[in-house]
Amino acid sequence: MAQYVGAIDQGTTSTRFMIFDRSGTEIGRHQLEHRQIQPRSGWVEHDAAEIWENTLKTIAVALADTGLAASDLAAIGITNQRETVVLWDSATGTPVAPAIVWQDTRTDYLVAGLDEELLRERTGLPPATYFSAPKIQWLLDHTPGLRDRAVRGEVLFGTVDSWLIWNLTGGALHVTDVTNASRTMLMNLTDLDWDPELLGLFGIPRAMLPEIRSSAEVYGTAGTVLPGVPIAAAIGDQQAALFGQTCFEPGEAKCTYGTGGFLLMNTGTTPVRSSHGLITTVGYRFGDQRPVFALEGSIAACGSAIQWLRDQLGVLDTAGDSETLAGRVDDSAGVCFVPAFSGLFAPYWRPDARAAIVGLSRFHTAAHITRAALEAICYQTRDVVEAMAQDSGTVLDCLQVDGGVTANALCMQLQADILGVPVSRPAVAETTALGAAYAAGLAVGFWASLDDLRANRHEDRRWQPSWTPARRADGITRWRAAIDRSLDWVNLTEEGPR
Ligand SMILES: Nc1ncnc2c1ncn2[C@@H]1O[C@H](COP(=O)(O)OP(=O)(O)O)[C@@H](O)[C@H]1O
Ligand SMILES: O=P(O)(O)OC[C@H](O)CO
């Protein structure tokens, strides 16, 4: 009998295949980074074919390293970067354009004119370059003949989950899950189906869209890649992390610090509308059970600010070096770094903002700027925690965290200091992959109940706040002033290179 469950975690920066046992313990993994293609300022693209090849390689290597065979896996789950748009030829399976990544801002001129009230009411989302619909529209508008081909069903759209399932099943299934669909800006939150009026608004043909399915059910088997293994879950990565952190009850929340940062709170089976700049999204749906909704505070730049210091400025050799470098100074000496590379997401939703480093004198060094980048991750999180409290009435007495950046103990200490509440990291830091594995395992009966999963969660480390209220208040005031200085930088009235 199969003793393990696998998870494909296709993130913004890398793709992992991870294998878990019944106690939720990691048995093996393989991970590969893919290229971040940035042909112009504001454009961020991935090569969907590279992502698929990396997926195949990570599965093969993880199995070889652990000595396991496909028959040892009871099921696999898929979790993925959300919103990113893949368009491919339905006959050949070849991508017809670069994948436009969620961080890409080329559509800012398109979203500037959208009706916020309509979009929030139908989809729970504010107008923003972040979501899939304007990206699909842009590709259909800018590629001659593509819209006509899409009308004829010759070109298909999918978020990355859909792309991977289509490939794993040899082109047999064009489906997506409801959490991913809820990020397209095309799904109506009331009936969880594509909204014809929104399709018309963005000029997107229905024929190119996948069928919307639940997050945990057997969609099919993983073809020749993992013969006989059921593909039993697909769930957006932030929702998967909510699930992996076992936030099954209304009011339970987690924050994942990856390329971006994402705080999600379970709000139960009724969607809660935000009036403080958060998103209403689907948390997960099991088979034909009622969907569970979530409120989300999405932060566009989190670990990507560290990547930028490493890759563009060259002040770090590795992301981990940010802890050592920032630790050389006691504070940022008045420097604030607002990493609005893709504009500001929650709770501000300001596409006209761009990144700013303010407060510099000749005294400052790369250490101060790096420390300011870590602080920015934490101040942005504080902003969404506050919005969450206002929208939900739930004040968090501890923040459950996960994701790549949580390896940085200095950053997590700063987070506790800036929030004024403890920060708790679980023993399994790969909560996203774990959440997808849990969803798949539940769907095939590998785990019997949510209680089995709760029993698997253990705390690894907790950080306690140490700043005085006065120091915290001073930092927040300075942060707000820096946010103001990042605004009104981009003219949104016309398309073009910025
Ligand atoms: N020790 C660290 N300190 C700060 N940032 C880190 C550290 N380790 C990784 N990161 C950042 O975490 C991100 C990767 O986290 P991960 O959860 O794998 O993200 P994703 O799912 O978006 O690919 C990268 O942006 C990287 O810069
Ligand atoms: O790749 P991550 O982990 O930063 O997650 C990306 C999000 O899904 C974007 O919405």
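The values are calculated or read from the model by the stated rules, or taken from the named source; none is laboratory data. All figures in this text were calculated on a predicted structure; none of them were measured in a lab. Don't worry about glycine lacking a Cβ; one is built from the backbone with ideal geometry, like all the others, and counts go over all protein chains shown. We work out accessible area using only protein heavy atoms, side chains counted, and drop any ligands, DNA or RNA first. Shrake-Rupley method; radii C 1.70, N 1.55, O 1.52, S 1.80 Å.
Ordering of 156-162, 93-99 by packing is 156-162, 93-99, highest average first (other Cβ atoms within 10 Å, averaged per residue). Dividing the C-alpha radius of gyration of region 4-238 by 2.2 N^0.38 Å, with N its residue count, gives 1.00. Go ahead and estimate [θ] at 222 nm for the chain from helices alone: -39,500 (n - 2.57) per DSSP H run with n ≥ 4, summed, over the residue count, rounded to 500. Here the helix-only value at 222 nm equals -10000 deg cm²/dmol.
Compactness ratio for the chain: Cα radius of gyration over 2.2 N^0.38 Å (N = residue count) comes to 0.92.
Rounded to the nearest 20, the Cβ-based charge dipole of region 1-116 about its Cα centre (Lys and Arg +1, Asp and Glu -1) stands at 240 debye. Charges were assigned to the Cβ only: +1 to each Lys and Arg, -1 to each Asp and Glu. The resulting dipole of region 4-238 about its Cα centre is roughly 320 debye. Restriction of the trypsin sites (Lys or Arg not before Pro) in region 239-304 to DSSP coil positions whose beta-carbon has at most 15 other beta-carbons within 10 angstrom yields 273. Here's the picture: charge each Lys and Arg Cβ at +1 and each Asp and Glu Cβ at -1 in region 277-421, and of 374, 337, 353 the one pushed furthest to the positive end of that dipole is 353. Of the whole protein surface, residue 318 contributes about 70 Å² of accessible area at a 1.4 Å probe radius. Label zone (residue 91, point 7 Å along Cα-to-C-beta; backbone nitrogen cut-off 19 Å) within region 119-157: 144-157. Accessible surface of the chain, 1.4 Å probe: 50 percent of it comes from carbon and sulfur atoms. Net charge of the neighbourhood of residue 95, taken over other residues with C-beta under 11 Å away and scored Lys/Arg +1, Asp/Glu -1, is -4. Going by accessible surface with a 1.4 Å probe and the largest first, 480, 106, 290 read 290, 480, 106. With every protein chain in place and a 1.4 angstrom probe, the accessible-area ranking of 362, 382, 461, largest first, reads 362, 461, 382. With protein chains left intact and a 1.4 Å probe, residues in the chain average 36 Å² of accessible area per residue.
Ranked from largest to smallest solvent-accessible area, with a 1.4 Å probe on the protein heavy atoms, 466, 215 come out as 466, 215. Computed extension length for residue 473-residue 269: 69.8 nm, one decimal, from 0.36 nm per residue of separation with the Cα-Cα distance subtracted. With point charges of +1 on the Cβ of Lys and Arg and -1 on the Cβ of Asp and Glu, referenced to the Cα centre of region 4-238, which listed residue (102, 73, 192) lies farthest in the positive direction of the dipole? Farthest towards the positive end: 73.
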